[in-house]
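Structure, as structure tokens:
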2 protein chains.
Amino acid sequence: MRADLPPFLAACLGRPVAHTPVWFMRQAGRSLPEYRAKRGPGSILEAIRRPELAAELTLQPVRRYGVDAAVLFSDIVVPLVDFGVDVAPGTGPVVERPFRSRADLDRLRQVPTPFVEETVAILAAELDVPLIGFSGGPFTLASYLVEGGPSRDYATTKALMWSDPGLWSELMGRLADITLASLRAQVLAGASAVQIFESWGGALAPEDYRTSVLPTLTTVLAGMADLGAPRIVFGVNTGELLAGFAEAGADVVGVDWRVPLDVARRRVGPGKALQGNLDPTACLAPWPVLADKARAVLAAAPGGGHIFNLGHGVLPSTDPAQLERLVELVHSETSR
Amino acid sequence: MRADLPPFLAACLGRPVAHTPVWFMRQAGRSLPEYRAKRGPGSILEAIRRPELAAELTLQPVRRYGVDAAVLFSDIVVPLVDFGVDVAPGTGPVVERPFRSRADLDRLRQVPTPFVEETVAILAAELDVPLIGFSGGPFTLASYLVEGGPSRDYATTKALMWSDPGLWSELMGRLADITLASLRAQVLAGASAVQIFESWGGALAPEDYRTSVLPTLTTVLAGMADLGAPRIVFGVNTGELLAGFAEAGADVVGVDWRVPLDVARRRVGPGKALQGNLDPTACLAPWPVLADKARAVLAAAPGGGHIFNLGHGVLPSTDPAQLERLVELVHSETSR
């Protein structure tokens with residue numbers, strides 16, 4: 001490790017930082033006018049397949065906001081496109097023939113995604129802040145494959161998990177392989193850290209997550225250990241899963257806005273960094289309200305080991321000027 | 001109080017019970033064939049306005065399942081229909097002209113709902129288990145009025161709350177009056193307990209709920225105290241709000257399936273009953289899995305003060321035979 005480790009990586013490892021680092025989930029995206037100008041009329045998956053474009057979309061928020069990390073412009077379903085996953089605008093991932101039985105395992109193959117590695121390589125050469133690669137978490141990916149479209153309660157996924165534990169276990173194993181291949185490729189191409197978006201894991205009761213999913217998450221995190229890139233795990237509604245994420249091997253536990261960071265710290269224990277956790281809708285509030293809330297987040301995570309972020313992705317209706325001021329506030333109020 | 005207090009009411013008050021009482025949120029509804037047969041083609045609000053029909057729909061699950069409480073067939077938007085709230089099938093509450101400014105306060109009037117009291121009176125005479133009346137919680141009702149339709153993030157509601165605290169406070173006050181009038185009328189007509197569905201309160205960070213909503217919830221609960229009917233408060237994703245619900249004056253704190261009941265007990269403290277908290281999707285699992293999960297819920301709430309329920313409403317796809325067996329299991333395994 002270099003002495004001048006960038007603040008984002010230093011905070012991931014719980015080391016001293018010159019200021020609390022900050023980035024935003026979905027910082028690249030529809031909230032930015034320059035994104036809307038460049039993105040073009042094609043689907044998001046088409047944009048992801050164009051390395052020059054994907055790199056540019058990744059760079060836009062770094063330039064505008066001065067955030068401490070870039071996050072790859074991609075999508076968690078990219079390693080699953082061979083299964084027939086598509087992303088419908090405004091709807092999210094849809095699957096033509098959802099995962100229903102053992103026969104569907106054969107359709108779940110690891111596919112090369114050279115365009116992702118190419119985007120990462122372009123960025124690694126251009127960026128002067130760390131690049132975060134990412135993947136979906138095992139439950140989240142399984143839920144897309146099984147539900148086949150938007151779901152409120154993930155009933156079909158859970159019913160499969162409970163009614164056929166053997167098939168569930170094979171599905172988990174297959175997803176672990178695919179996820180690990182994708183994450184390793186991103187780091188080997190130049191990403192400095194990875195985030196696992198276990199976005200919908202919080203739909204499970206903690207005991208179910210622990211029994212049916214956590215071993216797979218542990219496998220994925222362990223399979224990344226030799227690369228030395230910090231591993232972040234995040235999902236919404238995961239207040240009761242935070243300790244599990246830490247035990248599974250996350251270096252950084254992402255926290256949604258429902259759990260104050262001091263409470264999260266007690267659940268996670270020492271020796272792990274925390275990431276979060278401002279309510280994304282607070283960015284729609286008048287600046288003095290937003291500033292107060294940002295200060296409250298900083299105050300709840302004293303003593304380092306904190307990466308400032310929202311508690312979920314940037315809302316498309318967010319005014320970028322609010323995020324600019326937010327970065328400035330976090331940097332200026334935490335400068336040491 | 002009679003010596004032979006029904007188990008549901010005894011458990012609400014933390015008194016000894018012959019067995020752990022059980023009822024299900026949305027026990028009356030589309031999962032029951034007899035409901036689909038009787039309900040007719042009209043809207044849900046039309047059905048609610050027909051006391052004989054609403055009473056029959058309330059009674060159906062009591063007859064079939066032998067649950068320990070009936071819950072009024074109604075909807076939390078009933079006291080708000082004068083504002084132009086309707087319930088769209090498959091979508092939920094929709095509002096033609098959402099709440100946006102001070103002028104909208106004038107449209108938010110307390111309206112008499114004699115049909116509700118008539119339904120309650122019919123049921124009070126027919127039932128041999130307690131009847132639960134209910135209302136929406138202050139944030140939940142406000143979110144319907146302000147969003148005007150389904151929402152993922154309640155951004156418009158929160159933005160109003162943060163940008164115009166004065167107007168928000170007046171809205172809260174008006175909703176407290178309307179809610180209290182509705183709940184009191186239900187109890188005076190014969191309901192034995194009430195549940196406040198603060199369904200979407202968990203969308204707020206705990207500090208925001210505490211500052212902007214909890215005082216109103218406290219007012220409503222205090223305004224019910226003289227009637228002696230146990231007061232239940234429930235919402236999903238409320239793991240960090242449970243202590244607040246207890247402090248606000250709830251006699252019973254409802255818990256969704258994300259928080260194990262032993263954890264909920266630590267957060268709520270002694271002297272309050274807990275209600276819940278089986279994952280509703282577990283009812284779609286094979287019976288042995290469902291039975292194990294029900295036993296785990298019972299084991300996490302030893303020592304009384306527990307009302308067995310799901311952690312959210314019955315899913316329409318639930319097989320009623322599963323709920324029948326569940327009631328039987330809870331009763332037989334907790335008989336003292």
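The values are calculated or read from the model by the stated rules, or taken from the named source; none is laboratory data. All of these numbers come straight from a predicted model, not from anything done at the bench. Cβ placement follows ideal geometry from the backbone for every residue including glycine, while neighbour counts extend to all protein chains displayed. Just the protein is used for accessible areas: all its heavy atoms, side chains included, with ligands, DNA and RNA removed. Shrake-Rupley method; radii C 1.70, N 1.55, O 1.52, S 1.80 Å.
Things to note:
- For the chain pair A and B, buried accessible area totals roughly 2300 Å², probe 1.4 Å, rounded to the nearest 100.
- Electrostatic dipole magnitude of the protein assembly as shown [Cβ: Lys, Arg +1; Asp, Glu -1; Cα centre; debye, to 20]: 380
- Amide H contacts of A:VAL71: A:ILE132, each under 5 Å away and 5 or more positions distant or on a separate chain (H built 1.01 Å from N in the peptide plane; Pro and chain starts excluded).
- For A:ARG100, inter-copy separations between label points set 7 Å beyond Cα along the Cβ vector come to 4.5 nm, shortest first.
- Karplus (6.51, -1.76, 1.60) ³J(HN,Hα), θ = phi - 60°, over the range B:34-40, in Hz, Gly and Pro reported as x: 5, 5, 4, 6, 8, 4, x
- Among beta bridges that DSSP assigns inside chain A, antiparallel share in %, nearest 5: 15
- Anisotropy class assigned to the protein assembly as shown is prolate, per the alpha carbon gyration tensor with a/c at or over the 1.5 cut-off and a/b larger than b/c.
- The Rg/Rh ratio of the range B:54-128, with both radii computed over alpha carbons and Rh defined as the Kirkwood radius, is 1.10.
- Look at the dipole of the range A:1-154 built from charges on Cβ: of A:PRO112, A:GLY84, A:SER31, the Cα furthest out on the positive end belongs to A:SER31.
- In loop segments of the range B:151-250 as defined by DSSP, the trypsin sites (Lys or Arg not before Pro) with at most 11 further C-beta atoms inside 10 Å of their C-beta are B:ARG152.
- The range A:7-333: relative contact order as a whole-number percent, Cα under 8 Å and 6+ apart: 22
- Residue by residue along B:202-215, Cβ atoms of other protein chains within 10 Å of the local Cβ number 3 on average.
- Once the Cα-Cα distance is subtracted from the 0.36 nm per residue extended length, the B:HIS19 to B:ASP226 segment shows a gain of 71.7 nm.
- Axis of helix A:51-65 versus longest Cα principal axis of chain A: the two differ by about 30°, to the nearest ten degrees.
- Computed with a 1.4 Å probe over protein heavy atoms only, the accessible surface of the range B:124-253 comes to 29 Å² per residue.
- Amide H contacts under 5 Å for A:THR20, placed H, 5+ residues apart: A:THR334
- Comparing the full protein assembly with the isolated chain, the residues of the range B:256-275 losing at least 50 square angstrom of accessible surface (1.4 Å probe) are B:TRP257, B:ARG258.
- Shape call, the range B:11-106: gyration tensor on alpha carbons, a/c limit 1.5: oblate
- Chain B: angle of helix B:138-147 to the longest principal axis, Cα-based, in degrees nearest 10: 50
- Value of D in µm² per second that Stokes-Einstein yields for the range A:7-333, Kirkwood Rh from Cα pairs, at 37 °C (0.692 mPa s): 166
- Database remark: amide H of B:GLN275 closer than 5 angstrom to the amide H of B:VAL253, B:GLY254, B:VAL255, B:ILE307 (H placed geometrically; neighbours at sequence offset of 5 or more, or on other chains; Pro and chain starts carry no H).
- Nm distances between copies for B:PHE115, ranked from closest, using label points 7 Å along Cα→Cβ: 5.5
- Karplus-derived 3J(HN,Hα), 6.51/-1.76/1.60, for each residue of the range B:316-331, Hz, glycine and proline x: x, 7, 5, 7, x, 4, 5, 5, 4, 5, 5, 4, 4, 4, 4, 5
- Chain B: angle of helix B:114-126 to the longest principal axis, Cα-based, in degrees nearest 10: 10
- Whichever lysines have a C-alpha closer than 29 Å to that of A:LYS272, once near sequence neighbours (fewer than 8 apart) are set aside: A:LYS293
- Helical contribution to [θ] at 222 nm, DSSP H n ≥ 4, -39,500 (n - 2.57), averaged over chain B, rounded to 500: -13500 deg cm²/dmol
- Burial of 50 Å² or greater, the range B:123-172 residues [accessible area, probe 1.4 Å, versus chain by itself]: B:TRP162
- Working note: Karplus 6.51/-1.76/1.60 with θ = phi - 60° gives the range B:220-236 the couplings 5, 5, 5, x, 9, 4, 5, 7, x, 7, x, 10, 9, 10, 9, x, 7 Hz, where Gly and Pro are set to x.
- Distances in nm from A:GLY228 to the matching label points in the other copies, shortest first (labels 7 Å along Cα to Cβ): 7.3
- Annotation for the range B:1-64 versus the range A:294-331: alpha-carbon center distance of 46 Å.
- Apportionment of accessible area to carbon and sulfur, chain B, percent (1.4 Å): 52
- The distance between label points at A:GLU324 and A:ARG109 comes to 4.9 nm (points 7 Å beyond Cα on the Cα→Cβ vector).
- Cleavage-rule hits, GluC sites (Glu not before Pro), the range B:1-108, DSSP coil, Cβ neighbours within 10 Å at most 14: B:GLU96
- Other protein chain C-beta atoms within 10 Å of residue C-beta, averaged over A:286-292: 2.
- Normalised contact order of the range B:202-336, rounded percent, pairs of Cα under 8 Å and 6 or more residues apart: 20
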